[in-house]
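> Shown below is the structure under consideration.
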Amino acid sequence: MKIEIHNVGQLPEVAREMLEAFPDERFFAFFGKMGVGKTTLIKELCACLGVEDNVCSPTFAIINTYTSGTGEPVYHFDFYRLKNAGEAYDIGYEEYFYSGCYCFTEWTEKVEELLPDHYVRVELTEENGIRQMKMCKCDNV
């Protein structure tokens, strides 16, 4: 699935389409350069899930936990500061990744070998002010 994003006003609809396109998936792995809009899109996904918490990049905390409109936790990771995938063990990544709750990861390339068996890969790029988003369901099995 490929979507062009011309302005931030499209993001609520894009987020809704993402969740509808993958209704059974709970793990969304984001890939893209700094400033391409990963956190902004995750904010919209959280809004679609009924999160009322302040959604912001967990660059220093590595993980933020929000509460969805149904009371379920939503996990938001930013692995930018990790030096290697082994550091993810220190935060107990398995507990989150395999919780069955929504997980949104930024800078996923740093922990790619630790991803669960099934996830949605979201690649964001920007060219000439237009953002492109490609999504696909991935299986590591």
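The values are calculated or read from the model by the stated rules, or taken from the named source; none is laboratory data. The structure displayed is predicted, hence computed values, not measured ones. Here the Cβ positions follow ideal geometry from the backbone for every residue, glycine too, while neighbour counts run over all protein chains shown. These area figures cover heavy atoms from the full protein model, side chains too; ligands, DNA and RNA do not enter into them. Shrake-Rupley method; radii C 1.70, N 1.55, O 1.52, S 1.80 Å.
> In segment 122-137, which residue that is in contact with a Lys or Arg (Cβ under 9 Å, 6 or more places away or on another chain) and open to solvent by 50 Å² or more (accessible area, probe 1.4 Å) is nearest to LYS33 (Cα to Cα)?
THR125
> Limited to segment 68-97, what total is found for residues that are closer than 21 Å to CYS46 by Cβ, exposed (fewer than 15 other Cβ atoms within 10 Å of the Cβ) and more than 15 Å from the chain's Cα centre (by Cα)?
4
> Could you identify the single residue in GLU123, GLU113, GLU87 that is over 17 Å from MET18 (Cβ atoms), of a type in the set (D, E, K, R) and touching a residue at least 12 places away in the same chain (Cβ under 8 Å)?
GLU113
> Continuing with this model, one more query. List pairs: first residue in segment 60-75 and under 15 Å from GLU94 (Cα atoms) and without any contact (Cβ under 8 Å) to a residue 40 or more places away in the chain, second residue among the basic types (Lys, Arg) and assigned to a loop (DSSP other than H, G, I, E, B) anywhere in the structure, Cβ distance under 7 angstrom, at least six positions apart or on different chains.
Every condition considered, the pairs that remain are ILE62/ARG81.
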